[in-house]
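What follows is one structure encoded as structure tokens, with my remarks underneath.
The values are calculated or read from the model by the stated rules, or taken from the named source; none is laboratory data. Note that the structure is predicted; figures quoted are calculated from it, not measured. Cβ sites come from the backbone with ideal geometry, for glycine too, and all protein chains shown count toward neighbours. When the accessible area is computed, the model is the full protein with side chains, heavy atoms only, and any ligands, DNA or RNA have been set aside. Shrake-Rupley method; radii C 1.70, N 1.55, O 1.52, S 1.80 Å.
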Amino acid sequence: LHFAAPQFCSKYAEDITALLDQRTEQVFNDPSLPALPSTATEMKVFAAKEALKADCAQVTARRAAYMTNKSAIRDVVLGQCNEGMMSKLEEDSDWASRKMELLYVLNTAQA
């Protein structure tokens, strides 16, 4: 799957590679405004706020790509399953409610 990630992921394939390596969901923390001294000029405050907006936009885009990429890799995994494996997955009691989760599909397929 590591080789598939760059091919099937729109952007930020490294986030999916990390998920596959660590088998944990990736966390994208919200950026915050850096501490500015009380003597900061209005222009420095404005620049810091603009940088924060850009950082927020990037985190939002990265989260969206992560969700899209997880779905794409999940589809690759399910596409590689034969009938026997699909039957095994569908027999799992949580399948109906969790079949859209990449980590669940991976862990259940490898159990």
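One table, with the values for the structure above:
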item	result
Structure-derived semi-axes √(5λ) of the Cα gyration tensor in Å - corresponding label in [x] 32, 21, 11; [y] 32, 15, 13; [z] 41, 13, 10	[z]
Number of Lys pairs (Cα under 20 Å; 8 or more positions apart or on different chains) in the chain	4
Carbon plus sulfur fraction of accessible area for segment 12-111, probe 1.4 Å, in percent	54
Pair SER71, ASP92: separation of 7 Å Cα→Cβ label points (nm)	2.0
Cα-based helix-to-principal-axis angle, 42-79 vs the chain, degrees rounded to 10	0
Degrees between helix 13-22 axis and first principal axis of the chain (Cα, 0 to 90, nearest 10)	60
Extension gain (nm, one decimal) between MET85 and GLU25, 0.36 nm per residue minus Cα-Cα	19.2 nm
Among GLU42, GLU101, GLU25: highest mean-square fluctuation, GNM of the chain, C-alpha pairs under 10 Å	GLU42
Residue among MET67, MET100, MET43 with the largest mean-square fluctuation in a Gaussian network model of the chain, springs linking Cα atoms under 10 Å	MET43
Relative contact order of the chain, defined on C-alpha pairs under 8 angstrom at six or more residues apart (%)	30
Mean separation of Cα contacts under 8 Å (6+ apart) over length of segment 1-62, as relative contact order %	31
Virtual spin-label span in nm between ARG62 and SER32, 7 Å along Cα→Cβ	1.7
